[in-house]
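S.K.: There's a structure below that I have some questions on.
The values are calculated or read from the model by the stated rules, or taken from the named source; none is laboratory data. Just so you know, these numbers come straight off a predicted model, no measurement behind them. Reconstructed Cβ throughout: ideal geometry from the backbone, glycine too, with neighbour counts over all protein chains shown.
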Amino acid sequence: MLMFKRAFGAGPAMATALVALALGGCATTDDPASSSMALATTDTVVGTEPAITPTYQEPGTVKYYPSDEPLRLALEQFNRGNYGLAEHYFRDAVERTPRDATAWIGLAASYDRLARFDLADRAYRYATKLAGETTQILNNRGYSYMLRGNYAKARQMLLKAQAREPNNPVIVNNLQLLDGSRRFVQRSGE
């Protein structure tokens, strides 16, 4: 900054503004035919709409960006069984990107594991508004009802999920868990 002050007779604010102005409209390219710095431009074709990508992504296919750090940390903590930390990071993720259905589903699942079913229901409703009634949401809600002891509602949700994906191992496992619960065990002589 001292060099800029001596050269231009201005303070640090002016030096910062000059550097920002010089670098603001530039983007690097990997094209050897072009110069090492090129102006950032956007090419548009008249009469075409820009491609819109859905906000919802399957958890295994989510691509991460630096702004997705809370979501990455949330998924990591949830998989480790640290549901309180997962809830914290999922809540941060939905505050940063409120239209991300994956973050809302994760937040709801974290609330389920913390027995905050009122908050889980609200998060599931919001995720459903964003992504529709997906198989994952139906399965998770079924598991949520199973945790609460509402086995009839759990069975209804899980069967609805299974009708969409009959060979999904997670849904099949949740139905087996439900069938193994005390209310659905059929004993002879009872």
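S.K.: Could you please let me know if Tyr145 is surrounded by 15 or more Cβ atoms within 10 Å (Cβ to Cβ), farther than 22 Å from Thr102 by Cβ and touching a Lys or Arg at 6+ places or on another chain (Cβ under 8 Å)?
M.R.: So Tyr145 fails the test.
S.K.: State which residue pairs qualify: first residue assigned by TED's automatic domain parsing to the domain that holds Pro98 and inside segment 116-130, second residue among the acidic types (Asp, Glu) in any location, beta carbons under 7 Å apart, and separation of 6 or more residues or different chains.
M.R.: Ala120/Asp112
S.K.: For segment 95-148, what are the residues that are assigned to a helix (DSSP H, G or I) and β-branched (Val, Ile, Thr)?
M.R.: Answer for segment 95-148, where residues must be assigned to a helix (DSSP H, G or I) and β-branched (Val, Ile, Thr): Thr102, Ile105, Thr128, Thr135, Ile137.
S.K.: Right, another one. Could you please let me know if Ala154 is in the same structural domain as Ser67 (by TED's automatic domain parsing), over 29 Å from Ser67 (Cα atoms) and surrounded by fewer than 16 Cβ atoms within 10 Å (Cβ to Cβ)?
M.R.: no
S.K.: Residue by residue through segment 87-102, note down the ones that are over 13 Å from Ile137 (Cβ atoms) and among the small types (Gly, Ala, Ser).
M.R.: Ala93
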